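Written below as structure tokens is the structure these notes are about.
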Amino acid sequence: MNMMETMRLDKWLWCARFYKTRSLATEEIAKGRVTVNGLAAKPARDLRCGDTVALRQGPIARTVLVRGLSGARGPAPVAQQLYEETAESVQAREKAAEMRRLAPEPAAALSQGRPTKRNRRDIERAGAQGWGDRWSASLDE
């Protein structure tokens with residue numbers, strides 16, 4: 001870890017491995033999904049040790065304290081030393097993971113999939129009573 005005073009927010013998010021690319025980190029900041037010390041931030045905002053960063057990674061919301069600044073993106077174990085996740089954030093993340101685990105399978109809610117050939121023909125026969133003899137949707141006079 002380099003001993004730097006400040007660092008760009010987008011670069012720090014990339015170095016700390018929250019986002020795969022710096023441009024992705026910039027996009028997320030621009031969408032308002034990243035705040036620093038409770039305030040909306042811009043990608044070029046200077047970040048210092050001790051700042052609190054709240055961010056979203058897909059459905060996962062995290063709040064972390066900046067512990068270090070690094071000029072280069074390193075391996076994951078080194079990147080994890082750049083921040084410390086707050087206890088509330090860890091608890092909320094674990095609770096959300098448990099809720100996802102206990103949620104019913106979305107496919108189980110579907111009683112039927114695509115109609116079978118027989119079902120489709122039945123649907124066409126049922127719908128043919130008013131429209132089957134017409135070649136156009138316009139009114140004939």
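The values are calculated or read from the model by the stated rules, or taken from the named source; none is laboratory data. From a predicted model like this one, the values you see are computed outputs, not experimental measurements. With ideal geometry, Cβ positions are generated from the backbone for all residues, glycine too; neighbour counts draw on all protein chains shown. Surface areas here come from the heavy atoms of the whole protein model, side chains and all, with no ligands, DNA or RNA. Shrake-Rupley method; radii C 1.70, N 1.55, O 1.52, S 1.80 Å.
Calculate the FRET efficiency for N37 and A103 from the Cβ-Cβ distance with a Förster distance of 41 Å, rounded to the nearest 0.05. According to the calculation, E is roughly 0.75.
Per residue, how much accessible surface does the range 1-72 expose to a 1.4 Å probe? Answer in Å², no decimals. List each step's numbers first, then the result.
Numbers: 3930 Å² over 72 residues.
Roughly 55 Å² per residue, with all protein chains present.
Computed on the range 1-111, with alpha-carbon pairs under 8 angstrom and 6+ residues apart, the relative contact order is 25 percent.
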